[in-house]
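Participant: Starting off with a structure, shown below.
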Amino acid sequence: MTSDMAEPLLAIRELRVAFARDHEYFEAVRGISLHVDHGEVLGIVGESGSGKSVGMLSALGLQPKAARVRG
């Protein structure tokens, strides 16, 4: 095992993604935290509109330009 294998493949802490609407921001994603190590598989499930796609796209840096991302 190399030293870089000790680092997680993906680590997210308190990810929040908001969009402006009527001069106010509403949160589409509220506080996602997860940790994925090398060799692990993660599935994200939830209701339609629960923020799965927005959250994971934001984690990859592919969020829409209008998004405000924190975490």
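The values are calculated or read from the model by the stated rules, or taken from the named source; none is laboratory data. Everything numeric in this text was worked out from a predicted model, so none of it was measured. With ideal geometry, Cβ positions are generated from the backbone for all residues, glycine too; neighbour counts draw on all protein chains shown. Surface accessibility is based on the protein's heavy atoms, side chains included, excluding ligands, DNA and RNA. Shrake-Rupley method; radii C 1.70, N 1.55, O 1.52, S 1.80 Å.
Participant: List the GluC sites (Glu not before Pro) in the chain that DSSP assigns to loop (not H, G, I, E or B) and whose Cβ has at most 14 other Cβ atoms within 10 Å. Which are they?
Facilitator: Passing both the DSSP loop test and the Cβ count: GLU40, GLU47.
Participant: Can you list the trypsin sites (Lys or Arg not before Pro) in segment 30-67 that are in a DSSP coil and have 10 or fewer other beta carbons within 10 angstrom?
Facilitator: Qualifying residues, ordered by number: LYS65.
Participant: Hey, if you put +1 on the Cβ of every Lys and Arg and -1 on every Asp and Glu Cβ in the chain, which of GLY31, ALA67, ALA20 ends up farthest toward the positive end of that dipole?
Facilitator: Towards the positive end, the residue furthest out is ALA20.
Participant: Can I ask one more? With a 1.4 Å probe and all protein chains kept in place, how do ARG21, ARG68 rank by accessible area, largest first?
Facilitator: Sorted descending by solvent-accessible area, the residues read ARG21, ARG68.
Participant: Oh, and also: Based solely on its DSSP helices, what 222 nm [θ] is calculated for the chain when runs of n ≥ 4 H residues each add -39,500 (n - 2.57) and the sum is averaged over all residues, nearest 500 deg cm²/dmol?
Facilitator: Result for the chain, helices only: -3000 deg cm²/dmol.
Participant: Right, something else. How much accessible area per residue does the chain have, counting only protein heavy atoms and a probe of 1.4 Å, in square angstrom?
Facilitator: Averaged over the residues of the chain, the accessible area is 79 Å².
Participant: Follow-up. Where the accessible area of the chain is counted over protein heavy atoms with a 1.4 Å probe, how much of it, in %, is carbon and sulfur?
Facilitator: Whole-percent figure for carbon plus sulfur exposure: 52.
Participant: How large is log10 of I(q)/I(0) for the chain at q = 0.16, 0.18, 0.20, 0.26 Å⁻¹ when the intensity is taken from the Debye formula with one equal scatterer per alpha-carbon?
Facilitator: -0.61, -0.73, -0.86, -1.22
Participant: To the nearest 20 Debye, how big is the dipole of the chain about its Cα centre, given +1 on the beta carbon of each Lys and Arg and -1 on that of each Asp and Glu?
Facilitator: For this selection, approximately 320 debye.
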